[in-house]
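Quick note: the coordinates plus some simple rules give every number you see, no bench work behind them. Bear in mind that the values here come from a model prediction, so they are computed numbers and not experimental data. Glycine also receives a Cβ, built like all others from the backbone with ideal geometry; neighbour counts cover every protein chain displayed.
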Amino acid sequence: MTEATNSPAVSVIVPLFNEEENMSLLQSELRAALGGLDHEIVFVDDGSVDRTVERIKPAPNIRVIRFEKNRGQSAAIYAGLRAARGATAVLIDGDLQNDPVDIPRLVAEIARGADLVCGYRLQRKDTLVKRLTSRIANAVRSRFTKDGVRDTGCTLKAMRRECVSALVPFKGVHRFIPALIKGAGYRLVEIPVNHRPRRFGQSKYGLGNRALRATIDMFGVRWLLSRRLNYKVRDSDGASS
């Protein structure tokens, strides 16, 4: 990860896939919410086949990463985090269900000493089936990986940039960001955030296409955490071998 000459304080990463109808309002809300922060916005287009990228209004602090093909939410989030220049990286969905007004609250928790701040949707605006299945999945995952997080499906998160080094690039990693970062010894906190019904388009990630894969990934992450190197350097003379 390279350092920029004039790195902003905050990098906001927004994964996008066919969200052309949301872009104008999304950028307007982000501008209003981030007005008091030194920031950049990194839009990661996950191979959209509509006019999502064309609808992004350019600005000096706007960056766009475009995938050649659709590679999934994990790839978009990971690419955005790796490209982030800010000392704090914030993740937010591009479908307007996450509320940008919550971003300064997450950043404030980082300033208070947290390494990772996870939003949890206090009042989810989803179908009953989706809420129930998510609640069960979160309970099983949290117990199994010991991350202690009640709503890992909420994309809205903030982290110190050094936390990105704890992540492993695999399909599905976005569900296990808290487990991997907490497992690396970083301090995690949760705060309630607003959640809104989807206004335009439709969900790109259905229940059927993720349950089995998420379960397999959970076993893999549990194994990875059990095998993580854990050591502290007693002293070093600075010599390299």
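Among the GluC sites (Glu not before Pro) within the range 34-91, those in coil by DSSP and having at most 14 neighbouring Cβ atoms inside 10 Å are GLU68. The HN-Hα couplings worked out from phi for the range 40-55 by the Karplus form 6.51 cos²θ - 1.76 cosθ + 1.60 (θ = phi - 60°) are 10, 10, 10, 8, 10, 7, 8, x, 4, 10, 10, 9, 3, 5, 5, 7 Hz, whole numbers, x standing for Gly and Pro.
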